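Here is the structure we will look at.
Every number in this text was worked out from the coordinates using simple rules, so none of it is lab data. It should be emphasised that the depicted structure is a prediction, and the values quoted were computed from it without experimental measurement. So basically every Cβ, Gly included, is an ideal-geometry build from the backbone, and we count neighbours across all protein chains shown.
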Amino acid sequence: MAKEAKPVIINIKNRRASHEYSFLAKYDAGVMLQGTEIKSIREGNVNLTDGYCTFDQRGDLWIHSIRIAPYSLGTYNNHDAMRARKLLLNKRELKQLAGKSVDQGLTIIPLRLFVTDRGFAKIEIALAQGKKLYDKRNDLKEKAQKRDMERM
């Protein structure tokens, strides 16, 4: 009998996002991938820290500046690491995001990348507003106070 392979849980987070932004709404979006990108994601070779999303002329949502490293066992058919990738959302969600992102100071950023039970790569994106310096200081102060209370 063959051993059953344990499913590897892929959950890559953008830790810097919660420090830099406050989140207004979150959405799960599918990602259109090419060739060896899903294999590289399963290896965990993804960097989301500088990622952001924009709309094109047709109203499609694209994610930019995320790095999915080339697959280690790939050949000359390997994918481009920094290419823009199309996000898949339904029309209602796209309209909501397009309307709200026009507002001043709002941006769409990736929070985490995960693989579903069916093997599809999904990105959790958020409509976010940038924090001011004093907001960041207050958050750090609250975290330190909470940590001190737990120690006592």
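Just a yes or no: is a residue in segment 97-118 among the basic types (Lys, Arg), exposed (fewer than 15 other Cβ atoms within 10 Å of the Cβ), touching a residue at least 40 places away in the same chain (Cβ under 8 Å) and within 26 Å of His19 (Cα to Cα)?
yes
For segment 6-19, which residues satisfy the criterion of being surrounded by 14 or more Cβ atoms within 10 Å (Cβ to Cβ) and either farther than 18 Å from Arg67 by Cβ or among the hydrophobic types (A, V, I, L, M, F, W, C) (or both)?
Of everything in segment 6-19, those that are surrounded by 14 or more Cβ atoms within 10 Å (Cβ to Cβ) and either farther than 18 Å from Arg67 by Cβ or among the hydrophobic types (A, V, I, L, M, F, W, C) (or both) turn out to be Ile10, Ile12, Ala17, Ser18.
Selection over segment 42-87 of residues that are aliphatic (A, V, I, L, M), exposed (fewer than 15 other Cβ atoms within 10 Å of the Cβ) and under 15 Å from the mean Cα position of the chain (by Cα) gives a count of 2. Filtered by the rule that a residue be closer than 14 Å to Ala84 by Cβ and in contact (Cβ under 8 Å) with a residue 12 or more places away in the chain, segment 55-68 gives Phe55, Asp60, Leu61, Trp62, Ile63, His64, Ser65, Ile66, Arg67, Ile68. Checking each residue in segment 19-48 for being in contact (Cβ under 8 Å) with a residue 60 or more places away in the chain and of a type in the set (Gly, Ala, Ser) picks out Ser22, Ala25, Ala29, Gly30. Would you pick out the residues in segment 94-152 that are under 15 Å from the mean Cα position of the chain (by Cα) and of a type outside the set (A, V, I, L, M)? Hits for segment 94-152 are Thr107, Pro110, Arg112, Phe114, Thr116, Phe120, Lys122, Glu124.
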